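Please treat every number below as a calculation from the coordinates, not as lab data. Predicted, not measured: the structure shown is a model, and the values here were computed from it. Here the Cβ positions follow ideal geometry from the backbone for every residue, glycine too, while neighbour counts run over all protein chains shown.
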Amino acid sequence: MKGNMSQMGLTTSMLISHAEINHGQTEIVSVDVKGSRERTNWKEVGERSRKMASALEGLGLKRGDRIGTIIPNNRSHLELLYAISGFGGVAHTINPRLFPDEIVYIINHAKDKAIFVDPSYIGFLIGHKHLLETTEHLFISGPKENEIAARMNGFKFLGDLIEEGDNSYQWPQLDEDDAAVLCYTSGTTGNPKGVLYSHKSIVIHANIVSLPDSFCISARDTIMPIVPMFHVNAWGMTYASAMVGSRLILPGPNLDGRTIIDLILQENVSLALAIPTIWEEVLERLNTNPISLPELKRIVSGGSAVPSWVIREFKEKYDVNVLQAWGMTEMSPLGTANSPLMKHNHLDNDLSITQMENAGRPTWAVQIKIIDDSGKELPRGDLEGRILVRGPTVIQRYIFEESDTVDETGWFETGDLGVLDSDGYLTITDRSKDLIKSGGEWISSIELEEIIKLHPDIYDAAVIGVKHEKWAERPIVIAEIVKGSNISESELLDFYDEKVVKWQKPDAVVFVDELPLGSTGKPIKKDLRERFGDYLIGGVGDG
Ligand code: ADP
């Protein structure tokens, strides 16, 4: 028997409508490339996104069409995300830090019909425009500068497009299982893969991140997502902020420590979200110029493990709680968030800091299990294994792939290794996938290996991620060179020039006589990480 309640689905337009109607006067501050702050509110953002949606339909764009955005966190990006998924399109948020060939690949793979680009990223698009196979419209999302040159290169302006929109446009009813947003993530092998969020998964995710034991956000918060919208909707903040009607600070493209601190102070930010690398930079700056951050109550740090000194210094010096979160693109992204249980109420300072160091507890929408290498589920306790997740915010299949990426019972293998304790707190211990995370961005170790193995002086090589003070992890090459060769480290590193973007180039080459090989003939990376894991922070340097 089915329930008799409304058939209205969970859609992103519900969120923006709610914010427009019930939190209309709540401010949204958008920072541009020069640091100027534009002030708007949920009412204006709601109105403009409806108008934009009608203009997008007017262009001939249809439900299900993918529309790319290459824009930092600002007002236009927010409005576009709501406009695109609100009329039934799919907002494809694109990471401008990828290698141009990779960007071209994902635009073509997604079959983007239109692309909206911030003026700061236009140079790349002009150079690669001829390679775009399906893109019919190119729009500049920023102010109308260099109009003649822009038009000569085939670009139109978002500002003009909006003028063609209908002020009275109303959101259509959509199926909650329809696609709303598309985000590509690095594959361990081969090309990036697209994760296609549905309206329902986005709304459920907005709910779980808002809960008190997740990021605890409300209409009394001023939220600053430093994490970009192309990283899984700024970890869901584009939608959660509308759901709860919070004040929003969109910091634009300049994300250095000083700018962030100025915005936190001057805009009374109560919650900000970023990767550990950014928080370390903020702390370093604060420590050279100590000030108090009276409104900032907590910060969310995710994407990589947070060093314990960051948690301690924020708490002890600035009275700010660091809320560690774990997740991934395939999980919308939140899986766990670190918040205390009742039994932690009276922990002393040191113990409560220790308690904040793990990745936290699962939210209601994400089931987690740990399995051993034979696939057997491990009991909660202190046994390390592979982390699997399942739930309504977890992927089933990558875009355009024929088979599911989950097992027959819906469990998705995250590629992370960890331990789940008896209270459900997860500690991430290692990564089984061949990826390195440097300053929040992925680098494929396999790709770096394939390149270096083409060098005639390399007999065999492995690329591993090792600890780095600033970037959390950096790639290094462990190289076995052909007998008699006297190739140098710098010559091998130069071999990567022009083949990968600069930030993906390995930091060092360590020469070994023989790589440790497993039963399948591949280097045993766990052993190499154990041996060389501290190589860049002044640790082991033998070989
Ligand atoms: P995002 O960086 O937006 O969280 P990605 O899909 O790019 O999403 O990265 C997810 C991966 O990042 C995880 O599988 C894990 O390897 C790593 N990661 C995320 N959060 C943490 C954390 N708190 N501790 C350790 N590793 C983490």
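Structure notes:
- Relative contact order of the chain, taken over Cα pairs closer than 8 Å and 6 or more residues apart, is 10 percent.
- Between region 300-338 and region 212-237, the alpha-carbon center distance in angstrom: 13 Å
- Taking the Cα centre of the chain as origin and assigning +1 to Lys and Arg Cβ atoms and -1 to Asp and Glu Cβ atoms, the resulting dipole is close to 1320 debye.
- Cα-based shape type of region 435-537, given that a ≥ b ≥ c are square roots of the gyration tensor eigenvalues and the cut on a/c is 1.5: oblate
- Here is the tail figure for region 46-105: Cα pairs spaced more than 15 Å apart come to 49 percent of all pairs.
- The angle separating the long axis of helix 42-58 from the principal Cα axis of greatest extent in the chain is about 90 degrees.
- Working from Cα pairs under 8 Å separated by at least six residues, relative contact order for region 255-433 is 15 percent.
- Looking at region 255-433, the DSSP beta bridges with both ends there are about 70 percent antiparallel.
- Principal-axis analysis of the Cα atoms of the chain puts helix 308-318 at an angle of about 50° to the longest axis.
- Likely footprinting exposure, CYS183, CYS216, fewest C-beta neighbours within 10 Å first: CYS216, CYS183
- By the rule of a C-alpha distance below 14 Å, with chain neighbours fewer than 8 residues away ignored, the aspartates and glutamates paired with LYS369 are GLU377, ASP382, GLU384, ASP407, GLU413, ASP416, ASP421, ASP423.
- When the C-alpha to C-alpha distance is required to be over 20 Å, the pairs from LYS193/LYS502; LYS483/LYS525; LYS51/LYS156; LYS317/LYS467; LYS376/LYS525; LYS34/LYS505 that qualify are LYS193/LYS502; LYS483/LYS525; LYS317/LYS467; LYS376/LYS525; LYS34/LYS505.
- Built amide H within the under 5 Å cut-off of LEU323, gap 5+: ILE299, VAL300, SER301
- Largest-first ellipsoid semi-axes for region 255-433, taking √(5λ) over the Cα gyration tensor eigenvalues, angstrom: 33, 20, 13
- Histogram of C-alpha separations across the chain, 10 Å bin width, %: 3, 17, 28, 27, 17, 6, 1, 0
- Ranking of MET8, MET14, MET237 by neighbouring Cβ atoms within 10 Å, starting from the fewest: MET8, MET14, MET237.
- What the phi angles of region 495-503 give under the Karplus curve with 6.51, -1.76 and 1.60, with θ = phi - 60°, is a coupling list of 4, 7, 4, 6, 9, 9, 5, 3, 6 Hz, glycine and proline written as x.
- Gyration tensor verdict on region 466-516 (Cα atoms; rounded if a/c is under 1.5, prolate if a/b is larger than b/c, oblate otherwise): oblate
- Positive-end extreme of charge dipole, the chain - chosen from VAL466, LEU517, LEU248 (charges on Cβ): LEU248
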